[in-house]
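A.B. asks: Here it is, the structure, as structure tokens.
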Amino acid sequence: MLRVEGLTKRYKAGDHALKGVSFTVEPGQVVGLIGPSGAGKSTLIRCVNRLVDPTAGKVFLNDAEITSGAGDLRRVRRRIGMIFQEYALVERLTVMENVLSGRLGYVSFWRSFFRRFPAGDIEQAFRLLDRVGLTEHADKRADALSGGQRQRVGIARALEQNPELLLIDEPTASLDPKTSRQIMRLIVEICRESNLPAIINIHDVALAQMFVDRIIGLRAGEVVFDDVPSRLDNAA
Ligand code: ADP
Ligand code: ADP
């Protein structure tokens, strides 16, 4: 479970980007984060992932505080799986190696130094590749894949590190509508079956409404909506 308490961020050069944001995300629950540009969505994601330090407030992951000062940064990051808009794959590595990098960090180091990867990690990577439908592409280089396939690699890589939370930034912004729906469906199914909480920063409100369990709307650093997607139409 993720718990965000009174999260406040004021950047040096400006106004408050977040003003006391609080919410919890239950295991298996997928939250869509929406709001106009400048609302504070990225700042919220960055505070949870410790890319920026909040001015005030706390973040707890499964009851352990992960806000700055509490816990080693690398260990906190290992507990959070990230999925990105532009996939952030290593183009010249294979699908399998990209997935393994979720656990091993520098896979080219492992490959050249130990000449093989830990068997248990490979097994898990194969399981995940199967789950995202990429088994037969395991040995292809990332740069030979379509956008949708790349994002499936991104999902498998995030899961390979056995995260306790997924933070997902505009996962479908570079994909066509049909592929976007497939990717959203896959993410939501995986979160439910693995009991993973997730926050998806998502621009496409209609797409969010179709798939997520709950929508949090931010505006000027404040939560202005927090409910099931079906209630959004009345609120907007
Ligand atoms: P969103 O992701 O919803 O577009 P952001 O979190 O990027 O919103 O931005 C929230 C507010 O914080 C905006 O007013 C933005 O200009 C400001 N902001 C974001 N990043 C910085 C930064 N590094 N320095 C100063 N102000 C920032
Ligand atoms: P528009 O610019 O079309 O007039 P708004 O400025 O109201 O619409 O909304 C812009 C963004 O605000 C949308 O892209 C969406 O992400 C978000 N949004 C829409 N409805 C809500 C809502 N009820 N609560 C919070 N955010 C919303």
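The values are calculated or read from the model by the stated rules, or taken from the named source; none is laboratory data. Keep in mind it's a predicted model, so treat the numbers as computed, not measured. Quick reminder, even Gly has a Cβ in these numbers, built from the backbone with ideal geometry, and neighbours come from all protein chains shown. Each accessible area value is taken on the protein alone, full model and side chains, heavy atoms only, with ligands, DNA and RNA left out. Shrake-Rupley method; radii C 1.70, N 1.55, O 1.52, S 1.80 Å.
A.B. asks: May I ask you to list the lysines whose Cα is less than 26 Å away from that of Lys41, ignoring any residue fewer than eight positions away on the same chain?
C.D. replies: The reachable lysines, counting only those whose Cα sits under 26 Å from Lys41, are Lys9, Lys12, Lys19, Lys58, Lys178.
A.B. asks: Along the stretch 206-223, what does the Karplus equation 6.51 cos²θ - 1.76 cosθ + 1.60 (θ = phi - 60°) give for ³J(HN,Hα), rounded to whole Hz, x for Gly and Pro?
C.D. replies: Working through the residues one at a time gives 4, 5, 4, 4, 5, 10, 6, 7, 7, 10, 10, x, 10, 8, 6, x, 10, 6 Hz.
A.B. asks: Something else now. What's the ranking of 9-15, 205-211 by average number of surrounding C-beta atoms within 10 Å, highest first?
C.D. replies: Details: 9-15: 10.6, 205-211: 17.0.
Listed from highest to lowest mean packing, they are 205-211, 9-15.
A.B. asks: DSSP loop (so not H, G, I, E, B), at most 10 other Cβ within 10 Å: list which chymotrypsin sites (Phe, Trp or Tyr not before Pro) in the stretch 53-114 pass both filters.
C.D. replies: Sites meeting the loop and neighbour criteria: Phe114.
A.B. asks: Same structure again: Using heavy-atom solvent-accessible surface (probe 1.4 Å) with all chains present, what is the largest-first order of His203, His16, His137?
C.D. replies: Details: His203 150, His16 75, His137 30 Å².
Order by accessible area, largest first: His203, His16, His137.
A.B. asks: So, one more: In bins 5 Å wide, starting from 0, what share of all Cα pairs of the chain does each bin hold, as a percent?
C.D. replies: 1, 7, 14, 18, 19, 16, 12, 8, 4, 1, 0, 0
A.B. asks: GluC sites (Glu not before Pro) within the stretch 50-114: which are DSSP loop residues with at most 12 other Cβ atoms inside 10 Å?
C.D. replies: Working: sites: Glu65, Glu86, Glu91, Glu97; in loops: Glu86, Glu91.
When the GluC sites (Glu not before Pro) of the stretch 50-114 are filtered for loop state and at most 12 Cβ neighbours within 10 Å, Glu91 remain.
A.B. asks: Still on this structure, I have one more. Could you tell me the ratio Rg/Rh of the stretch 119-207? Both radii from Cα atoms, Rh via Kirkwood.
C.D. replies: Numbers: Rg = 12.9 Å, Rh = 13.6 Å.
Ratio of gyration radius to Kirkwood radius for the stretch 119-207: 0.95.
A.B. asks: Can you give the translational diffusion coefficient of the stretch 185-236 in µm²/s, computed by Stokes-Einstein from the Kirkwood radius over Cα pairs at 20 °C and 1.002 mPa s?
C.D. replies: Working: Rh = 11.9 Å.
In µm²/s, the coefficient is 181.
A.B. asks: Where the accessible area of the chain is counted over protein heavy atoms with a 1.4 Å probe, how much of it, in %, is carbon and sulfur? Before the final figure, lay out each step's value.
C.D. replies: Numbers: 5530 of 11450 Å².
Its accessible area is 48 percent carbon and sulfur atoms.
A.B. asks: Additional query: Taking a quarter of the surface of the convex hull around the Cα atoms of the stretch 1-69, what do you get in nm²? Before the final figure, lay out each step's value.
C.D. replies: Numbers: hull surface 18.7 nm².
Mean shadow area of the hull around the Cα atoms is 4.7 nm².
A.B. asks: For a quick check of your reading of the filter: which trypsin sites (Lys or Arg not before Pro) in the stretch 35-115 sit in a DSSP loop and have no more than 15 other Cβ atoms within 10 Å? Write out the running numbers ahead of the final one.
C.D. replies: On the way: sites: Lys41, Arg46, Arg50, Lys58, Arg74, Arg75, Arg77, Arg78, Arg79, Arg92, Arg103, Arg111, Arg115; in loops: Arg50, Arg79, Arg92, Arg115.
Of the trypsin sites (Lys or Arg not before Pro), the ones in loops of the stretch 35-115 whose Cβ has at most 15 other Cβ atoms within 10 Å are Arg92, Arg115.
A.B. asks: While we're here: Please report, in whole Å, how far the alpha carbons of the stretch 63-121 spread along each principal axis, starting with the longest.
C.D. replies: 37, 28, 17
A.B. asks: If a/c stays under 1.5 just call it rounded; otherwise compare a/b with b/c (prolate if a/b is bigger, oblate if not). Do that for the stretch 70-181, with a ≥ b ≥ c from the square roots of the Cα gyration tensor eigenvalues.
C.D. replies: oblate
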